[in-house]
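K.L.:
Take this structure first; my questions come after.
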Amino acid sequence: MKKVHLTLSAEDAAAIPAWSPPPGYTMRGIEVGDEPQIAALWLLCAPVFGVTLPALSEKLDGCLDKAGARESARVILDSNQLIVGFAVGGYSNPDEPMSPGTLSGISTHPEHRRHGLGFGVLAAVIEHLTGRGCSSFGLSTMPNNTAALVLYEKLGFRRK
């Protein structure tokens, strides 16, 4: 199945409304030690035949190794301080001013969906990277990931 590619311009990124977590949730940057919880959440949210937790942990490490990713990554915590959502992105080319950004991972725990958490965590990553000079953003997803496509288009992303 061929992925759907979407882009977001800097102008559309600037138009994303401010967001605050709903009661019972907080948002913060990623911290050392968060990776195992994030990888487990990603596995829970995107079960793919043959994908293992170690493989997703490795993919997450790759996402976080991109320039700007660790500083821009955000997690959503519930009232028990468990990670129930995350988003990570980075710079396509950190040496080039106004480089495009890439969004490489986002998930919200199924029991915590429909509260705007995905919107908020992704908007925070976009805001952070825009403030660091990203000129546009790109991401891709599977065409049957309807909820993600609706979220991305709500944020202003357009299909290529």
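K.L.:
Suppose the chain between CYS45 and LEU82 were pulled fully straight at 0.36 nm per residue; how much longer would it get relative to their current alpha carbon spacing? Provide the component values of the computation, followed by the final result.
P.N.:
Details: separation 37, 0.36 × 37 = 13.32 nm, distance 1.52 nm.
Extra length available between CYS45 and LEU82 comes to 11.8 nm.
K.L.:
Here's a follow-up. Can you give me the distance in nm between label points at ARG132 and ARG113, each placed 7 Å from the Cα along the Cα-to-Cβ direction?
P.N.:
2.9 nm
K.L.:
Amide H of SER136: which non-local residues (sequence gap of 5 or more, or other chain) have their own amide H closer than 5 Å, using H built in the peptide plane?
P.N.:
Under 5 Å from the amide H of SER136 lie the amide H atoms of GLY101, each far enough along the sequence or on another chain.
K.L.:
Another question, then. Extension gain GLU71-SER9, at 0.36 nm per residue separation less the Cα-Cα distance, in nm?
P.N.:
Difference between extended and current length: 20.2 nm.
K.L.:
Moving to a separate point now. For a protection proxy built on the mean count of beta-carbon atoms within 10 angstrom, sort 20-28, 71-79 highest first, please. All intermediate terms of the calculation are to be shown ahead of the outcome.
P.N.:
On the way: 20-28: 13.3, 71-79: 20.3.
My ranking of the peptides, most packed first, is 71-79, 20-28.
Where a number appears in this text, it was derived from the coordinates with a stated rule and is not lab data. Everything numeric here is computed off the predicted structure, so don't read it as measured data. Every residue, glycine among them, receives a Cβ derived from its backbone with ideal geometry; neighbour counts consider all protein chains shown.
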